[in-house]
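*Asks:* Shown below is the structure under consideration.
No lab work stands behind these numbers, since they all come straight from the coordinates. Note that the coordinates shown come from a computational prediction; the quantities given were computed from them, not determined experimentally. All Cβ positions, glycine included, derive from the backbone under ideal geometry; neighbour counts span all protein chains shown.
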Amino acid sequence: MSDPLQAKVKPDAQILVVEDDPDSAGFFRALMTSEGYETHLCHSGEEALETLASGKEFDLVLLDLILPGLSGWEVLGHIKDDGKLRYLPVVVLSALSEKAHALKALDLGAEDFLTKPVDVETMLSRVRVMLRIRALYESLISERFGRQQAQRTLEMRRYLAKVMGGSSQVQEMADLLDNVVATDTTVLLEGESGTGKGLLAEAIHRYSKRADGPFVVVNCSAYPETLLSSELFGHEKGAFTGAIRRKVGRFELANGGTIFLDEVGEISPLTQLALLRVSWARPSWAFRAKP
């Protein structure tokens, strides 16, 4: 009968090895690579934290305790105190075989503790267990996200039916918006005046990942060209004659939320070019409407 733990749950797993000893680091990398896992090496605690902060996704950390600079204890504490990293499995590796060290590591949140020199089969078995746990966690998160997405879709359809009616055309728009609200991208809304572009922009904001942020509306046709740029981007005190105080721009006010630029087709080509640059540089969404 085959051992269920031998099955490669995540054959393409990303493993971070934090080890300052070149021989040990090379051994761990070769061992993980032989199993088909992609391995990234860090030789200090500082390097490990920089790598984890870079946004690269890892499935497991193999962490030595004795490191130059930041210790393995500090790296472990950082991982388990970080809201985004706390569920990342960590296997602590140490030449310190005292039971107290193993208990301390587990108390700080480590999932396992191995004493060096490690037995190859034992390490591979423990790694498989950790990756199985990681795969289960990702499956649960995916299932939860699926339920949340289904609930969001239902609520958005109900909201659109309430504010715009339950016609087949509105339901077709709901199908399109269901894909739009899940993305971080600029959206262009076109239509005649009074067709509900503002309502659609508000619905996209309401059911997006930025729903907890501000919803800022700018009627671009209501400002003369000389003032629109300052209104959108703000200015510092003394930037020009009459700038007696610092003004926060609408884009800055909308940070973390949504900015709806109504009648964007009325602005000058120069300001449109500035908006194009902002749409690439800023995380805020810009919803553009044309008459």
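*Asks:* Straight-line reach from residue 162: which lysines have Cα under 20 Å away, leaving out those fewer than 8 places along the same chain?
*Replies:* Correct list for residue 162: 197.
*Asks:* Among the aspartates and glutamates, which have Cα under 16 Å from the Cα of residue 84 when same-chain residues fewer than 8 positions away are ignored?
*Replies:* Leaving aside aspartates and glutamates fewer than 8 places away in the same chain, those within reach of residue 84 are 50, 57, 59, 138.
*Asks:* Take every Cα pair under 8 Å in the chain that's 6+ residues apart, average their separations, divide by the length, and report that relative contact order as a whole percent.
*Replies:* 13 percent
*Asks:* How much mean residue ellipticity at 222 nm does the chain get from its helices, if each DSSP H run of length 4 or more adds -39500 (n - 2.57) and you divide by all residues, to the nearest 500 deg cm²/dmol?
*Replies:* -15000 deg cm²/dmol
*Asks:* Report the one residue of 75, 133, 269 whose Cα lies farthest in the direction of the positive end of the charge dipole of the chain (charges on C-beta: Lys and Arg +1, Asp and Glu -1; origin at the Cα centre).
*Replies:* Towards the positive end, the residue furthest out is 269.
*Asks:* Separate question: Taking the Cα atoms of the stretch 13-136, what is the range of coordinates along each of the three principal axes, in descending order and whole Å?
*Replies:* So the three principal-axis extents are 33, 31, 29 Å.
*Asks:* Among 28, 215, which comes first, then next, by fewest other beta-carbon atoms within 10 Å?
*Replies:* 215, 28
*Asks:* Okay, next question. Can you put 87, 207 in order, fewest other beta carbons within 10 Å first?
*Replies:* Sorted ascending by nearby Cβ count, the order is 87, 207.
*Asks:* Determine the percent antiparallel among the DSSP beta bridges restricted to the chain, to the nearest 5.
*Replies:* 5 percent
*Asks:* Here's a follow-up. Structure shown: which of 209/237; 56/209; 10/209; 10/116 lie over 31 Å apart, alpha-carbon to alpha-carbon?
*Replies:* With Cα atoms farther than 31 Å apart: 209/237.
*Asks:* How big is the charge dipole of the chain about its Cα centre, in debye rounded to the nearest 20, if each Lys and Arg gets +1 on its Cβ and each Asp and Glu gets -1 on its Cβ?
*Replies:* I would put it at about 1140 debye.
*Asks:* Longest exposed-loop-site-free stretch of the chain, with trypsin sites (Lys or Arg not before Pro), DSSP loop and at most 14 other Cβ within 10 Å?
*Replies:* Longest run free of exposed loop sites: 87-208.
*Asks:* Find the relative contact order for the stretch 9-142 and round it to a whole percent, using C-alpha pairs within less than 8 Å whose residues are 6+ positions apart.
*Replies:* 23 percent
*Asks:* Considering the chain as a Gaussian network with a 10 Å cut-off on Cα pairs, which listed residue, 168, 44, 221, attains the greatest mean-square fluctuation?
*Replies:* 168
*Asks:* Then there's this: Please order 244, 66, 15, 204 by the number of other Cβ within 10 Å, starting at the fewest.
*Replies:* The most exposed by this proxy come first: 244, 66, 204, 15.
*Asks:* How big is the Kirkwood radius of the stretch 159-267, worked out from every pair of different alpha carbons and given in Å to one decimal?
*Replies:* 15.6 Å
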